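See below for the structure under consideration.
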């Protein structure tokens, strides 16, 4: 029998107080400020901005503070906040060729116009603990070169493209407004704009795993990091009521251009193909994983066999979003008393029927 | 852009708006503190925070796609016969109001020069300085390759 | 387009006032033919737009909803006011518009000049906002359909016989078709595509 109940309100309200105390931790220690988080946990904030799909460093920091550093929960907070805001419109496409570069490396070409700029990176640390940071780390200051970087830092694929060996990335004649999966339901087969938007807001861990699977042979493309660049780009927007483009300020972004071999098909000569990754803030792992998965999702466009998970857009696009994924997985902890009661009743009934049948058979023998 | 004839003000406007968009509330408040507070203004659109969808291009040059949104705050005021607009990344409503008032003052020949000298030029120089310094720091990490062995066979 | 300094203001409290108008439009759509008064204060728009239509545009139009203006409203002031306050793009192609602002005299435009939605997304059709001299005192029209218990009679002024004939065609296209809001001053009434409109003598 099922009895409808209600309750738990007082218990739920008490969880708010309890989690607030947990969040604060030991009150003898100073409280973290949002500015401290946005300055000193920049990479965590970048991940939250990407998966929350909203560029706002201080909100990302607040989100991390509010949920004790849980990145997926923080992304959820940003997504929820975003829905309360009106959208003024779409920017002009950001021009990453004009980026104020702080890091730019190519694993494919040594000698690039503008050079290889390592920038702020953990790549050349030894992954040994710096125990000095257990105490206060002081105020390090980086040296300053006499001259800035070259003003022109062309993107690597643009350089190779001039030789015709690189797949062209050019808009079609219409250069149409991109699909927006936050406004319209995704349909399959999905165009590149849909795929790239889904990947850009997708979970870093999920994309990293897929990219790894491609490299290990579940997708069969051997990628080269054609270029990774990080720095500031300005965002330009044309308000309808002004009618001219205005510069809204700078955002930090990371861009990755992967280069892959391609055998060629009956329509396309052998050439290098490309995968593209783009992330808010400094977020190379995400940009690289995205670029590899973007390329593997081109399988259909290039007439390649698509046997592996990373090549199947419906699988990738429907499962990359960690806010959706955690919502569905974690909803299982909410009361399912009625569902479960139903299953229980069914099980008891089947058992009883089987027992009755066994008794009948026994009696008949 | 200081000594440009006023007829060219329309072409300068996107540039001073870009400088204002990169400033902070305190940068702008300073000017009003020095000049007897905010001038009389009529709010046409109160400061409001929303978003702009940031577009990118596949491969940097190809098909447009949506990378994600960014918070933006805007404000529109009228000072006399001039409409001042501000649109900037972030959520600072006071900053948006100050920037909109300064945009209106900059369109007014009676105030243009003074605001350029007191606000825009110093901010523009400081913003260029920050950018230059960042680039010079990055330049210390630029790789110099040395040839060890030349594989000529 | 740069807004002129003479531009009239929009809602003094955009959030509360647009919510109130939204609620009223919802009520009007749920109760076809019922005359509903919009109560949000709006300073004079200095345009030919009736106050009610101006309020609806402030509430519903944005940069994703192209707006079409017929000749009666296609003036500089009107265009500037709408673009400044809503951020909507104006279109001269009625088929591209999400909202079409029409005067009752020109509401004889063939309905298929507007987007009727498609089978998968019938909701993505155009909504016609039609300015009438008055919502009462005209020829009686009998309404039936969802949201109306038996029948409901309206008598807006300024709409031609061919308009009502076209509305019957619109109704027969269901689930496709346009939705209509009639407006005089600050009063509105809605004629969604589900409503069947008959001239009294035709019944």
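The numbers here are math on the coordinates, done by the rules we state, and not lab data. Since the structure is predicted, the reported quantities are computational estimates derived from the model, not experimental observations. No Cβ is skipped: glycine too gets one built from the backbone with ideal geometry, and neighbour counts run over all protein chains shown.
Expressed as a rounded percentage, what relative contact order does chain B have, with Cα pairs under 8 Å and six or more residues apart? Could you put the intermediate results ahead of the total?
Working: 201 pairs, mean separation 33.0, N = 153.
Relative contact order for chain B comes out at 22 percent.
Using only the alpha carbons of chain C, what is the convex hull's orientation-averaged projected area in square nanometres?
On the way: hull surface 43.2 nm².
Result: 10.8 nm².
With the cut-off at 1.5 for a/c, could you classify the stretch A:222-280 from its C-alpha gyration tensor as rounded, prolate or oblate? Please list the in-between numbers first.
Details: a/c = 5.75, a/b = 2.04, b/c = 2.81.
Since a/c reaches 1.5 but b/c is at least a/b, the shape of the stretch A:222-280 is classed as oblate.
Per DSSP helix of 4 or more residues, -39500 (n - 2.57); summed, then divided by the residues of chain B. What does that give at 222 nm, rounded to the nearest 500?
-13000 deg cm²/dmol
Sorting B:54, C:21, A:156 on the 10 Å Cβ count, fewest up front, what's the list?
Least to most surrounded, the residues fall as C:21, A:156, B:54.
Given the convex hull of the Cα atoms of the stretch C:49-167, what is a quarter of its surface area in nm²? Walk me through the intermediate numbers first.
Values: hull surface 32.3 nm².
Hull-based average projected area comes out at 8.1 nm².
Classify the stretch A:259-365: rounded, prolate or oblate, from the alpha-carbon gyration tensor (a ≥ b ≥ c, eigenvalue square roots; a/c under 1.5 rounded; otherwise prolate if a/b is larger than b/c)? The partial results should precede the final answer.
On the way: a/c = 6.53, a/b = 2.28, b/c = 2.86.
Oblate, since a/c reaches 1.5 and b/c is not below a/b.
Taking the mean number of other Cβ atoms within 10 Å as a proxy for protection, how do you rank C:184-192, A:288-296 from highest to lowest? List each step's numbers first, then the result.
Values: C:184-192: 22.7, A:288-296: 28.2.
For the peptides C:184-192, A:288-296, the packing ranking is A:288-296, C:184-192.
Answer rounded, prolate or oblate for the stretch A:11-82, using the Cα gyration tensor with square roots of eigenvalues a ≥ b ≥ c: rounded when a/c is under 1.5, else prolate when a/b is larger than b/c, else oblate.
On the way: a/c = 2.76, a/b = 1.33, b/c = 2.07.
Oblate, since a/c reaches 1.5 and b/c is not below a/b.
Taking the stretch A:3-47 as the region of interest, what is the percent of Cα-Cα pairs per 10 angstrom bin, listed from the shortest bin to the one with the maximum distance?
All Cα pairs considered, the percentages come to 21, 27, 28, 14, 8, 1.
Which value in deg cm²/dmol, rounded to the nearest 500, describes the helix-derived mean residue ellipticity at 222 nm for chain C, given -39,500 (n - 2.57) per DSSP H run of n ≥ 4 and division by the residue count?
On the way: 4 runs with 50 residues, N = 203.
Only helices count here, giving -7500 deg cm²/dmol.
Direction-averaged shadow area of the convex hull around the Cα atoms of chain A, nm²?
Mean projected area of the Cα convex hull: 31.5 nm².
Relative contact order for chain C using alpha-carbon pairs under 8 Å, separation at least 6, rounded to a whole percent? Mind dumping the intermediate values first?
On the way: 444 pairs, mean separation 45.9, N = 203.
Rounded, it is 23 percent for chain C.
For helix C:14-30, report the angle its Cα long axis makes with the longest principal axis of the Cα atoms of chain C; keep it between 0 and 90° and round to the nearest 10°.
10
Where the Cα atoms of the stretch A:1-122 are projected onto their three principal axes, how long is each span, largest first, in whole Å?
74, 42, 33
Sort out for me the Cα centre separation of the stretch B:8-47 from the stretch A:66-141, rounded to whole Å.
The two parts, judged by their Cα centres, are 30 Å apart.
What base-10 log of the normalised intensity I(q)/I(0) is obtained for the stretch B:6-139 from the Debye formula, alpha carbons as equal point scatterers, at q = 0.12, 0.14, 0.19 Å⁻¹?
-0.54, -0.71, -1.10
For chain A, what does -39500 (n - 2.57) per DSSP helix run (n ≥ 4), summed and divided by total residues, give at 222 nm, in deg cm²/dmol to the nearest 500?
Numbers: 13 runs with 144 residues, N = 365.
Calculated mean residue ellipticity at 222 nm is -12000 deg cm²/dmol.
Hey, what angle do you get for helix A:284-296 against the long axis of chain A, alpha-carbon based, 0 to 90 degrees rounded to 10?
Orientation of helix A:284-296: about 80 degrees from the principal axis.
Given the options A:334, A:317, A:85, state which has the largest fluctuation in a GNM of chain A using a 10 Å cut-off (strictly under) for Cα springs.
Checking each option, the largest mean-square fluctuation is seen for A:334.
Hey, could you grab the Kirkwood Rh for the protein assembly as shown? Inverse mean 1/r over distinct alpha carbon pairs, Å, one decimal.
On the way: mean 1/r = 0.0335 Å⁻¹.
One over the average 1/r among Cα pairs gives 29.9 Å for the protein assembly as shown.
The stretch C:131-193 to the stretch A:286-341: how many Å between their Cα centroids?
The stretch C:131-193 and the stretch A:286-341 have Cα centres separated by 48 Å.
Hey, what angle do you get for helix B:93-107 against the long axis of chain B, alpha-carbon based, 0 to 90 degrees rounded to 10?
It works out to around 80 degrees.
Quick one: Cα centre-to-centre distance for the stretch A:208-284 and the stretch A:179-203, in angstrom?
15
Taking Cα pairs under 8 Å and at least six residues apart, what relative contact order does chain A come out at, in percent? Numbers along the way, then the final one.
On the way: 492 pairs, mean separation 62.3, N = 365.
Normalised by residue count, the contact order of chain A is 17 percent.
Taking every residue in B:13-20, how many Cβ atoms of other protein chains lie within 10 Å of its Cβ, on average?
Values: counts 4, 6, 2, 0, 5, 8, 1, 3.
Going residue by residue through B:13-20 and averaging, the value is 4.
Project the alpha carbons of the stretch C:46-99 onto their principal axes and report the range along each, largest first, in whole Å.
Cα extents, longest axis first: 26, 23, 17 Å.
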